[in-house]
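A quick write-up on the structure given underneath.
The values are calculated or read from the model by the stated rules, or taken from the named source; none is laboratory data. Everything numeric in this text was worked out from a predicted model, so none of it was measured. FYI the Cβ positions are ideal-geometry reconstructions off the backbone, even for glycines, and counts take in every protein chain you see. Quick note on the areas: whole protein, heavy atoms, side chains included, nothing else; ligands and nucleic acids left out. Shrake-Rupley method; radii C 1.70, N 1.55, O 1.52, S 1.80 Å.
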Amino acid sequence: MTENRFWRLDRHPEGSNFEAALSLQTEALPPLADGEVRVRVGYLSMDAGTRMWMSPRTDGYQPPLPLGAKMAGLVLGHVSESRDPAYPVGALVRGFGQWADYATMLPALAGLEIVDDTVADIRHHFGALGMNAWTAYVGVKEVAAIKAGEWLVVSAAAGATGSMACQVGRNLGAKVIGIAGGPEKCRYLAEQLGVDIAIDYKSDDVAARLSGIEGGVHAYFDNVGGPLLDAVLPNMAHYGRVAVCGMVAAYDNDAPLPGPARFDQVLMRRLRIEGFFIPDFLHRGAEFLPVLREWVDAGTLTVNLDETQGLENTLVAYRRMLSGQAIGKVIVKVA
C-alpha cells in the first residue's frame, strides 16, 4: 500500500497560528472510486483565498472546510492512477486537490484540466499561465475595463496576482500605479515590472500620493480592501471602476470587516464596484491562454516564483504568502 502524507484541518486558526490548527498526517491510499483521478503532486499553490476556507464563515464564495478534512488547494502534478479515461496516467494536470503527496479528485468538482507539458518550466502553470494570470487578465481587461492611456491602481502589487495585474495593465497600454509594502517590493515593481509609480503603503501616505494624479485614477484592481480601499476611493476619476479580487485585510477575521468609510465616493464619483471569482471564468480558458502565452513568449508577462521545498514545510510557505514576506507567486515543491 502506498502511504500518503496530507495536511488536516483540526481547528479554525487564530490569526496566523497555523501550526495549532493543521497537522501533517499519514494514511494508506485507498482504491480509487469510479470517475476519480489520483495525482502525484509536484507543486502546491499558496493562495490567500484558502485562508477563508479554514474559518467557520459560511458567507464566503464557497462553504468552509469541515474540521477533520484534508486541507484543500490548487495542485499541479502528473496523473498516477485514473478511473476516468479523459485523464490518462502520466498526463500533467492542474486542479483543486489536497495539500498532500497524492491528491484524489473528481475532475468535474476539482476543475481538473490537462495542461501543456511542453513548456520550458511547468511551474508557469502556477504563474504566468495559471489561475493568478487568468485572474489578472479578467480583472483588468473585463471587470476594470481598462483602456489605453488610463490610470490603473493595483494593491498587493508585488504578489502573485497583483504583479501580473500590473503587467496586464501595462501590456494593454495603461499607466500603472502599484501599491506594495517595503522598498524592496517597490523596487521590484519599478525596475522589473515597469510600473509608472510605486507606492510603499508602509511609509507613504497612499491617499496623498494618489491625489497627485490629475483627474483621478480610472480603475482599481483591489486585492486588499480595508484602509487601502478608503485611500483609493476619494482619488478616483468620475465613472471609475473597482475590480474586487481579494480582501486579504479581512481573511484573519472570523467576522467581516466594516464597509469602506469612504463609501460615499461611490455616489459622488459615480463609481462601479464589482467583485469577481475566477472559477466563474474557467470555461473561457482557451480564450485567455493564447494571449497570455504570447506575452510570456515575448517576455512581457513574468512572475517571480518563491519556492519552498517539502510538503512538511507547507505552513512556512503559507505564512510567507499571507504575511507579505514573499515577492511574486509562493509555491511548495512536493515531488
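If I go through segment 166-192 residue by residue, how many of them are open to solvent by less than 30 Å² (accessible area, probe 1.4 Å) and more than 20 Å from R320 (Cβ to Cβ)? So the answer is 7. Residues that are surrounded by 15 or more Cβ atoms within 10 Å (Cβ to Cβ) and in a strand (DSSP E or B) within segment 2-16 comprise N4, R5, F6, W7, R8, L9, listed in sequence order. Selection over segment 56-87 of residues that are part of a loop (DSSP other than H, G, I, E, B) and either modelled with pLDDT under 95 or in contact with a Phe, Trp or Tyr (Cβ under 6 Å, 6 or more places away or on another chain) (or both) gives a count of 11. Looking only at residues in segment 25-46 that are in contact with a strand residue (DSSP E or B) (Cβ under 7 Å, 6 or more places away or on another chain) and among the hydrophobic types (A, V, I, L, M, F, W, C), the one that is nearest to I327 (Cα to Cα) is M46. Exactly one residue out of E19, E27 is farther than 21 Å from L92 by Cα and part of a strand (DSSP E or B), and it is E27.
Pairs are defined by a Cβ separation below 9 Å, a sequence spacing of at least 6 or placement on different chains, a first member in segment 272-285 that is under 11 Å from M131 (Cα atoms) and modelled with pLDDT under 95, and a second member that is surrounded by 13 or more Cβ atoms within 10 Å (Cβ to Cβ) and charged (D, E, K, R); the pairs so defined are F281/E142; L282/E113; G285/E113. Against the list (1) open to solvent by 50 Å² or more (accessible area, probe 1.4 Å); (2) within 30 Å of M247 (Cβ to Cβ); (3) among the hydroxyl-bearing types (S, T, Y), the condition S45 fails is (1).
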